[in-house]
1. Mind listing just one residue for me: the one in the range 452-471 that is at pLDDT below 90 and small (Gly, Ala, Ser) and, of those, farthest from ALA10 (Cα to Cα)?
2. Pick out the one residue from LYS382, LYS401, LYS386 that is under 20 Å from LEU61 (Cα atoms), out of contact with any Pro (no Cβ under 9 Å at 6 or more places or on another chain) and at pLDDT 95 or above.
3. I'd like the residue in the range 264-309 that is among the hydrophobic types (A, V, I, L, M, F, W, C) and more than 20 Å from the chain's Cα centre (by Cα) and, out of all such residues, is farthest from CYS365 (Cα to Cα).
4. For the range 54-88, enumerate the residues that are within 23 Å of ASP224 (Cα to Cα), outside any loop (DSSP other than H, G, I, E, B) and in contact with a helix residue (DSSP H, G or I) (Cβ under 7 Å, 6 or more places away or on another chain).
5. Among the candidates TYR337, TYR341, single out the residue that is crowded, with 22+ Cβ neighbours inside 10 Å and at pLDDT 95 or above.
6. If PRO441 satisfies all but one of (1) buried (at least 22 other Cβ atoms within 10 Å of the Cβ); (2) under 20 Å from the mean Cα position of the chain (by Cα); (3) at pLDDT 95 or above, what's the number of the condition it fails?
7. ASP436 fails exactly one of the following numbered conditions: (1) surrounded by 15 or more Cβ atoms within 10 Å (Cβ to Cβ); (2) over 22 Å from CYS56 (Cα atoms); (3) in the same structural domain as ASN26 (by TED's automatic domain parsing); (4) not hydrophobic (A, V, I, L, M, F, W, C). What is the number of that condition?
8. If I filter the range 404-427 down to residues being surrounded by 17 or more Cβ atoms within 10 Å (Cβ to Cβ) and under 23 Å from ASP43 (Cβ atoms), which single residue comes out as nearest to the chain's Cα centre (by Cα)?
Amino acid sequence: MPRSIIEYFAEQERYKCGYCKKPDSNYGHGLWAHTMSVSDYQDLIDRGWRRSGKYCYKPTLNIICCPMYTIRCRALDFKPSKSQKKVLKRFNKFLISESEGSNSGRKISCSSNDSNFDEPGGDQCVTSKQEPQVLDIGADIKFIDSPEEMIIEATTSEPKSATINDKVIPEAESPKKDKGPDPSKPPCKKAKQMRIERKIEKLKAQGKDVTNVMKTNKEKQLEDFIRDLPDEVKHKLEIKLVRTSPPSPEWLASAKETHAVYVKYQMTVHGDTADKCSEPKFSDFLVQSPLSEEYSEIGPQCGYGSFHQQYKLDGKIIAVGVIDILPKCVSSVYFFYDPQYMNLTMGTYGALREIEFTRHLHTMCPELKYYYMGFYIHSCRKMRYKGNYNPSDLLCPETFKWFPLKECLPKLELSPYSRLDPDLDSVDENYPSDYDINFIPVLNKSQVVPYKTYRRKGRGDETEEVLQYARLVGAKTAKSLILVR
């Protein structure tokens, strides 16, 4: 089983908030992950951590200006809203028609205030303020005195009157247009009823039984809306999954095309300069990943780890979803697209397709049933859109248990920071004791030893910092991660 090797950065200096733009109101802790197993990262995000490239960060919610709560959607129970159905129908209509993508009708904002709007997983990119050590992970590492087992968020007004032939009549009787249905005619049928009647007529023409048509008219699922297409379409959409870490041949062949779409997106939508979108910075942010490539007998055929989902329209990449496939979830890292197709609401469309992908992976891996969207920030109105994917849960920042978003909203309306767990007696069940830190694996001079051995050899007494680290990652994960000292 792959082992995770990390460096811990204690409390960072205060830095600018990417949401409210206050100069020194953001604050948190960081890890530089040289390598990490998918199970360890799953445990970390379930304690409020999140990665940007190989850097993992955990905001200090009770201190920062815009508290960020980890949010997940229960993908198996997800039902698209009316507006989300419209996005899917609009996209399908585009695939059927001969029209090309256009920006008409959609406002492009180049303000950094909007930098995360409508992007699944589009959270602020936090970079490390400390340089990680250069480690040769391939070198021989000896495990000495290690424990037997390391367990791995109106007024009213009087009606007017009309005069006809010197006779005053109330407005309601005036022969004006657009005043509602004509009472002398039968009421208009709803579109749904008309579709059912057309279906009945079609079945009758085929000589089939129509007595149970109404009973079998089940509610359409997300997959039904996505696949509601005729056999012949004008545009072909293919969503291709490519592994980016380690780089697969498919990724290497499409890297430049993907980067070109990223540059167009960042410069047009977010107003970034060209130097901020360079290939090295793009790679550090959205290609490099500490996650190991892992497979299991009951896991997805593609395996676990870090991927790009490339949205190819007629063979051309128009959007990319950056995702991590973990034991319990699909975690959205970022989503970007060619601004030419902004009118298709690509951010929402991408999120819906990633939820569908999560549901598909669940058929192969029963434990994988959640879609993580990063952070929900109630104090930032533009980041509330993640709450539109129902049903969703938020992670309590004190007990690290999940609670339905709808139950959390009244608390967040009263205060930006809140303990979401209503049970005052509930505690963090993964909270480490002073004794637990003795068994934290420490990598020092190419040797992995328990922290108690490292300290006994006089290599330093860093108990307070190591205990703080263990409390942030949890007792279970602290005994699994290898801490570089």
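The values are calculated or read from the model by the stated rules, or taken from the named source; none is laboratory data. Everything numeric in this text was worked out from a predicted model, so none of it was measured. We place every Cβ from the backbone using ideal geometry, glycine too, and count neighbours over all the protein chains shown.
1. Ranking the candidates gives GLY458 first.
2. That would be LYS401, the only listed residue that is under 20 Å from LEU61 (Cα atoms), out of contact with any Pro (no Cβ under 9 Å at 6 or more places or on another chain) and at pLDDT 95 or above.
3. Here the residue is ALA274.
4. Passing the criteria: CYS73, ALA75, LEU76, GLN84, LYS85, VAL87, LEU88.
5. After applying the criteria, what remains is TYR337.
6. (2)
7. Of everything listed in (1) surrounded by 15 or more Cβ atoms within 10 Å (Cβ to Cβ); (2) over 22 Å from CYS56 (Cα atoms); (3) in the same structural domain as ASN26 (by TED's automatic domain parsing); (4) not hydrophobic (A, V, I, L, M, F, W, C), ASP436 misses just condition (3).
8. LEU405
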